[in-house]
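Heads up, the thing below is written out as structure tokens.
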Amino acid sequence: MDQIENKDLEENKLKKFFFKEKSNHLIHKWSNYFDIYDKHFNKFIGKNPIILEIGVFKGGSIDMWNYYFDNNCTIYAIDINEECLKLQKDFGDNVHIIIGDQNDDNFWNKFLEKNINFDIIIDDGSHVPKHQIRTLKKMYNYLKNGGIYLCEDICTSYSSDSKTSFVEFCKSLIDNLNIYHTPDHNNTDKTVLKAIDFKKKTFSLTFYDNVVVIDKLFNERSYEIKKIINNDDNTFEIKELKKKLH
């Protein structure tokens, strides 16, 4: 608490909500999350984003997103605990609380019949690494171009089998993002094709303390360019280098 300054509260609405505003429901977060949220979600303020949050708990984060987006957002909040349905009456028509198991493909298949694409997906559900992996694999295609996928509380990867942890899975996505710089990028192997598919619709992966953020953005293969300066007439030209990768 001593580290939170008034300047921080004015510059970050999420910090202001958590540390200064009265909340109707209990909320539990790590202190570094507010800057991460604000950095990646700020662009959606005033744009009525559609949000999917896995994990309702006591409903405090729903309060927080409504506050942050000035109630101009639509929130689909999923939890395995049927008690969470009782919270529905506390929120407006923009909030939809749904009971389901994020580790159940049958649940996801039924949920996806709603045919909704999301601007923001937040996994704050079971925190079980294999559930986090399943949810990312299942839902990434339902994130809009320009959308943000955020998985928090990835600390559980360090208390489970590291070979099957969510963090290790995300490390493999770094290789996918750089697939065109590998000797195998022209291979038609299924693994390579999946890597290329991920690369084509992903701008970045960002790793924070206890959080991974994926910025989805359809993009063409990057290319190397150089700016050539002509000192004689003070002009320049841009050239694309036809450099063959590996």
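Just a few scattered comments:
- If you take the Cα centroid of segment 10-82 and the Cα centroid of segment 99-113, the two points sit 23 Å apart.
- At R0 = 35 Å, FRET efficiency that the Cβ-Cβ distance of Asn32 and Lys163 yields, to 0.05: 0.80
- Spin-label pair Asn115/Asn231, simplified geometry with 7 Å Cα→Cβ offset, distance in nm: 6.3
- Estimated dipole of segment 153-196 in Debye, rounded to 20 [Cβ of Lys and Arg +1, of Asp and Glu -1, Cα centre]: 80
- Net charge in the neighbourhood of Leu173 (other residues with Cβ under 14 Å of its Cβ; Lys, Arg +1, Asp, Glu -1) is +3.
- Loop-resident sites, segment 151-231, for chymotrypsin sites (Phe, Trp or Tyr not before Pro), counting at most 14 other Cβ within 10 Å (DSSP): Phe218, Tyr223
- Charge dipole of the chain about the Cα centre (unit charges at C-beta), most positive-ward option of Thr135, Asn71, Phe198: Phe198
- Qualifying GluC sites (Glu not before Pro) in segment 1-104, where qualification requires a DSSP coil assignment and no more than 16 other C-beta atoms within 10 Å, comprise Glu5, Glu21.
- DSSP-loop GluC sites (Glu not before Pro) across segment 145-246, with at most 14 other Cβ within 10 angstrom: Glu220, Glu224
- Zero-based 5 Å bins, Cα pair distances in the chain, whole percents: 1, 5, 12, 15, 17, 15, 11, 8, 6, 4, 3, 2, 1, 0, 0, 0
- Full extension of the segment from Asp93 to Asn187, taken as 0.36 nm per residue of separation minus the current Cα-Cα distance, would add 28.9 nm.
- Inter-label distance, Lys194 to Asn219: 2.3 nm, where each label sits 7 Å from its Cα along the C-beta direction.
- Positive dipole terminus of segment 27-240, leading residue within Ile179, Gln102, His40 (C-beta point charges): Ile179
- Unit charges on C-beta of K, R, D, E only; dipole of the chain, Debye: 740
- Sequence-separation-based contact order of segment 1-152, relative, with Cα cut under 8 Å and 6+ spacing, percent: 20
- Within the listed set Gly92, Gly146, Gly125, the Gaussian network model of the chain (springs between alpha-carbon atoms below 10 Å) gives the highest mean-square fluctuation for Gly92.
Values in this text are rule-based calculations from the coordinates and carry no lab data. A quick note: this is a predicted structure, and the numbers were derived from the prediction, not measured. Every residue, glycine among them, receives a Cβ derived from its backbone with ideal geometry; neighbour counts consider all protein chains shown.
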